[in-house]
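Below you'll find the structure, written out as structure tokens, and then a few comments.
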Amino acid sequence: MSFLPLFFLLVSCKADYDYEINVDEQITIGLESSGHDGGYSWCWVRQDHVLDSVSHEFTPFNEDVNGSAGTEHWIFAGAEKGSTTIRLEYRKPWNDTVKDAREYTVSVK
């Protein structure tokens, strides 16, 4: 894990987290994913406008295997001062059935 100015990398586990960033500072969350073969991916449930989603990318563990499991990287940026919860749900985007979920509390100064 490395830290760069204005950048945090979070690798998820089951526990909830609390983080503090500044406006325009970015935070990255990496979550393991079974790949898009089964249709599941991590979906952001936006609750307010304290954070903006900057990007969402999937990196396979093995690029030579089609449908390989990997890591989904979500990058968020502080948009305005306040406190919010990032909720990411592991589900099929066309289905509301949630297979797993992670929550992170973020305060933006």
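General remarks:
- Here 18, 24, 48 are screened, and the one residue that is surrounded by fewer than 13 Cβ atoms within 10 Å (Cβ to Cβ), within 14 Å of residue 105 (Cβ to Cβ) and modelled with pLDDT of 95 or more is 48.
Okay, residues lined up against (1) at positive phi; (2) hydrophobic (A, V, I, L, M, F, W, C); (3) surrounded by 15 or more Cβ atoms within 10 Å (Cβ to Cβ):
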residue: 28; (1), (2), (3): no, no, yes
residue: 33; (1), (2), (3): no, no, yes
residue: 44; (1), (2), (3): no, yes, yes
residue: 52; (1), (2), (3): no, no, no
residue: 55; (1), (2), (3): no, no, no
residue: 82; (1), (2), (3): yes, no, yes
residue: 93; (1), (2), (3): no, no, no
residue: 99; (1), (2), (3): no, no, no
residue: 106; (1), (2), (3): no, yes, yes
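- Looking across segment 64-73 at every residue that is outside any strand (DSSP E or B) and within 16 Å of residue 32 (Cβ to Cβ), the one that is nearest to the chain's Cα centre (by Cα) is identified as 69.
- Residues in segment 18-59 that are small (Gly, Ala, Ser) and in a loop (DSSP other than H, G, I, E, B): 34, 35, 39.
- Taking the criterion of being among the β-branched types (Val, Ile, Thr), farther than 16 Å from residue 30 by Cα and in a strand (DSSP E or B), the only residue of segment 86-109 that qualifies is 108.
- Summed over segment 67-91, residues that are closer than 18 Å to residue 41 by Cβ and out of contact with any helix residue (DSSP H, G or I) (no Cβ under 8 Å at 6 or more places or on another chain) total 15.
The values are calculated or read from the model by the stated rules, or taken from the named source; none is laboratory data. Since this is a predicted model, take the numbers as computed values, not measurements. Heads up, the Cβs are rebuilt from the backbone with ideal geometry, glycines too, and the neighbour counts pull from every protein chain shown.
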